[in-house]
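Peer 1: Got a structure for you, questions after.
Just so it is clear, none of the values below were taken in a lab; they were calculated from the coordinates. Predicted model, so just to flag it, every value in this text is computed and none were measured. Every residue, glycine among them, receives a Cβ derived from its backbone with ideal geometry; neighbour counts consider all protein chains shown.
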Amino acid sequence: MTDGVAIYHGSNVLMHFTISLEDGTVAETTEGEDPLYFVMGDETLVEGLELALFGLKAGDKQSLKIGPEMTYGYPDPENIQSMDCADFPEDMKLERGVIVSFALPDGEEYPGMITEVGDKQVTVDFNHPLSGHEVLFEVEILEVSGGKEPPAMQ
């Protein structure tokens, strides 16, 4: 399994990972599920998580704390919107913590979390749920192939 190929841009990577918050809450994990397969640089992972993988090889395990500036950023107050209750389907239960999905003009879906519900207005937070958090990123690299290694230092 360990073939000595290190992870670089364009590498095919198969790994298990866990992302946890400061209080130990697991935000996302592949443990107990299929491992994640991706190509370095394909934007499957945010930049800071990708950077933590460069140079690792099959069989390597790593655990790093990574700040919001390198992962999901900081909450942006402009991403919190107040909307009319009438903008939501009549049969939808509007309550705090509910994740709603909005269709963008290009057909893509964009999630937001309801943070407040008033008589006529609903506040929806469109920031990434992990924005503002330092995360613990734990990985186990299962396989690495392809990619372009940088030239050797002379």
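Peer 1: Trypsin sites (Lys or Arg not before Pro), restricted to the range 10-107: which are DSSP loop and have at most 14 other Cβ atoms within 10 Å? Could the numbers behind the result be given before it?
Peer 2: Details: sites: 57, 61, 65, 93, 96; in loops: 93, 96.
Counting only loop positions with at most 14 other Cβ atoms within 10 Å, the trypsin sites (Lys or Arg not before Pro) in the range 10-107 are 93, 96.
Peer 1: A further question on this structure: I want the local charge near residue 94. Using Cβ-Cβ distances under 13 Å, sum +1 for each Lys or Arg and -1 for each Asp or Glu among the other residues.
Peer 2: That works out to -4.
Peer 1: Turning to a different aspect of this structure: Ranking 20, 145, 131 by Cβ neighbours within 10 Å, fewest first, what do you get?
Peer 2: 145, 131, 20
Peer 1: Now for a different question. Once every DSSP H run of n ≥ 4 in the chain is given -39500 (n - 2.57) and the sum is divided by its residues, what mean residue ellipticity at 222 nm do you get, rounded to the nearest 500 deg cm²/dmol?
Peer 2: -500 deg cm²/dmol
Peer 1: What spacing in nm lies between the two simple spin-label points modelled at residue 22 and residue 126, each 7 Å away from Cα in the Cβ direction?
Peer 2: Going by the 7 Å Cα→Cβ label model, 2.7 nm.
Peer 1: Nothing charged except the Cβ atoms of Lys and Arg (+1) and of Asp and Glu (-1): what's the magnitude of the dipole of the chain about its Cα centre? Round to the nearest 20 debye.
Peer 2: The dipole of the chain has a size of about 500 debye.
Peer 1: Here's another thing I want to ask about it. Would you grab the residues whose amide H sits under 5 Å from the one on residue 60? Only those 5+ places off in sequence or on another chain, please, with H modelled 1.01 Å from N.
Peer 2: Here 141 satisfy the definition.
Peer 1: Let me ask something else about it. What distance in nm separates the simple spin-label points at residue 134 and residue 117, each placed 7 Å from Cα in the Cβ direction?
Peer 2: Output for this residue pair reads 3.6 nm.
Peer 1: If amide H atoms are built 1.01 Å from N in the plane of the peptide, which residues on other chains or at least 5 residues away come under 5 Å of the amide H of residue 80?
Peer 2: Here the answer is 126, since their amide H atoms fall under 5 Å of that of residue 80.
Peer 1: Using θ = phi - 60° and the Karplus form 6.51 cos²θ - 1.76 cosθ + 1.60, what ³J(HN,Hα) does each residue of the range 43-51 get, whole Hz, x for Gly and Pro?
Peer 2: Couplings: 6, 5, 10, 5, 3, x, 6, 4, 4 Hz.
Peer 1: Okay, moving on. So which chymotrypsin sites (Phe, Trp or Tyr not before Pro) in the range 31-80 pass both tests, a DSSP loop state and at most 14 other Cβ atoms within 10 Å of the Cβ?
Peer 2: 54
Peer 1: How fast does the range 77-125 diffuse by Stokes-Einstein, in µm²/s, taking the Kirkwood radius from C-alpha pairs at 25 °C and 0.890 mPa s?
Peer 2: Once the numbers are plugged in, D ends up at 219 µm²/s.
Peer 1: Another one. Skipping prolines and chain starts, which residues have an amide H placed within reach, meaning under 5 Å, of the one on residue 98, given they are 5 or more residues away or on another chain?
Peer 2: 114
Peer 1: Would you kindly derive the ³J(HN,Hα) couplings of the range 63-70 from the backbone phi angles with the Karplus curve 6.51 cos²θ - 1.76 cosθ + 1.60 (θ = phi - 60°), listing them in order in whole Hz, with x for Gly and Pro?
Peer 2: 9, 9, 8, 10, x, x, 5, 10
Peer 1: At 0.36 nm per residue, minus the direct Cα-Cα distance, what do residue 30 and residue 61 gain on full extension? Give it in nm, one decimal, please.
Peer 2: Fully extending the segment from residue 30 to residue 61 adds 9.7 nm.
Peer 1: Mind putting together the pair-distance distribution for the chain? All Cα pairs, 5 Å bins, whole percent per bin, short to long.
Peer 2: 2, 8, 14, 16, 15, 13, 11, 9, 6, 4, 2, 1, 0, 0
Peer 1: Same structure again: In the range 1-76, which GluC sites (Glu not before Pro) are in a loop and have at most 13 other Cβ atoms within 10 Å, using DSSP for the loop call?
Peer 2: Working: sites: 22, 28, 31, 33, 43, 47, 50, 69; in loops: 22, 31, 33, 43.
Filter output for the range 1-76: 22, 31, 33, 43.
Peer 1: Working out 0.36 nm times the residue gap between residue 14 and residue 51, then minus their Cα-Cα distance, what length gain in nm do you get to one decimal?
Peer 2: Extra length from residue 14 to residue 51 when fully extended: 11.8 nm.
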